[in-house]
1. With an 8 Å Cα cut-off and a minimum separation of 6 or more residues, compute the relative contact order for the chain in percent.
2. For the pairs Lys163/Lys189; Lys81/Lys163; Lys7/Lys164; Lys13/Lys47, note any where the Cα-Cα span goes beyond 22 Å.
3. May I ask you to list the aspartates and glutamates whose Cα is less than 18 Å away from that of Lys156, ignoring any residue fewer than eight positions away on the same chain?
4. Using a 1.4 Å probe over the heavy atoms of the protein chains, calculate the carbon and sulfur portion of the accessible area of the chain as a whole percent.
5. Would you calculate, for the chain, the mean residue ellipticity at 222 nm contributed by helices, counting each DSSP H stretch of 4 or more residues as -39,500 (n - 2.57) and dividing by all residues, to the nearest 500?
6. Run down the lysines and flag those whose C-alpha is under 17 Å from the C-alpha of Lys53, throwing out any fewer than 8 positions away in its chain.
7. Need one word for segment 1-111: rounded, prolate or oblate. Basis is the Cα gyration tensor (sqrt eigenvalues a ≥ b ≥ c); a/c below 1.5 gives rounded, then a/b vs b/c decides.
8. How charged is the neighbourhood of Asn185? Take every other residue with its Cβ under 12 Å from the Cβ of Asn185, and add Lys/Arg as +1 and Asp/Glu as -1.
Amino acid sequence: MDVLKQKILSEGKVLSDTVLKVDSFLNHQIDPVLMQEIGKEFAQRFKGFDITKILTLESSGIAPAVMTGLTLGVPVVFARKRKSLTLTDHLYSAEVYSFTKKESNEISISQDFISSEDTVLIMDDFLANGQAVFGMIDILNQAKARIAGIGIVIEKGFQEGGKKIRQQGYHVETLANIAKLSDGNVTFKKEETCI
Ligand code: G4P
């Protein structure tokens, strides 16, 4: 997706060979016009998949997921990383270990919002080692929901997550796939779509 790649090149900051900072439009300040374009792009790519719900993870997955849900006309559920006052029982939960942050989070959703009747699109802002996506897959398996595919805004293609998820047969759509981060530069992979 060219407009996203241009935004990454103009505003992204390469913090190291493994970390890209995109706080100005995705992870802290949010660019609503770009999010709307991202939503339209995912909706186009997953048209005809009979999606009934989108599942993402708080916090940065929510903006692109909501814009995709708006275009597809389906609700968006976000898994919580912390127990909330009102989300206490009747939950599906999974353990997610972050290699980046070296910490584990239990992610949860209410059993009220996803069921075996649903066909779900999983979405997230970044795909690195794939732990967040595998946590959401675990939750959807508990709910016996069908998984239509996985939509990722920025994939770090040099890390293992994308490969592992595709090897398990999931349909993954990535809008910007990064081949390399080095010397302050971002190099994108040529192909954007892998099935
Ligand atoms: P994984 O789920 O693919 O295994 O990712 P990992 O544990 O490595 O990442 C943990 C958190 O760090 C996630 O955000 C993920 O989106 C983010 N992350 C990973 N690599 C990068 C990167 O290069 N740049 C940026 N900006 N973020 C990265 P999170 O903790 O869920 O944060 P948030 O959604 O609340 O913002």
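1. Numbers: 396 pairs, mean separation 38.1, N = 195.
After rounding, I find 20 percent.
2. Values: Lys163/Lys189 14 Å; Lys81/Lys163 25 Å; Lys7/Lys164 28 Å; Lys13/Lys47 33 Å.
From Lys163/Lys189; Lys81/Lys163; Lys7/Lys164; Lys13/Lys47, over 22 Å: Lys81/Lys163; Lys7/Lys164; Lys13/Lys47.
3. Partners found: Asp2, Glu11, Asp17, Asp23, Asp124, Asp125, Glu173, Asp183, Glu191, Glu192.
4. Values: 4740 of 9640 Å².
After summing per-atom areas, the C and S share lands at 49 percent.
5. Numbers: 5 runs with 54 residues, N = 195.
Dividing the helical sum by the residues of the chain leaves -8500 deg cm²/dmol.
6. Within reach: Lys40, Lys144.
7. Numbers: a/c = 2.25, a/b = 1.18, b/c = 1.91.
Here segment 1-111 falls in the oblate category.
8. Details: positive: Lys13, Lys180; negative: Asp17, Asp183.
Net of charged neighbours comes to 0.
The values are calculated or read from the model by the stated rules, or taken from the named source; none is laboratory data. Remember, predicted model here, so these are calculated numbers, not experimental data. Cβ coordinates were reconstructed from backbone atoms using ideal geometry, including for glycine residues, and neighbour counts include every protein chain displayed. When the accessible area is computed, the model is the full protein with side chains, heavy atoms only, and any ligands, DNA or RNA have been set aside. Shrake-Rupley method; radii C 1.70, N 1.55, O 1.52, S 1.80 Å.
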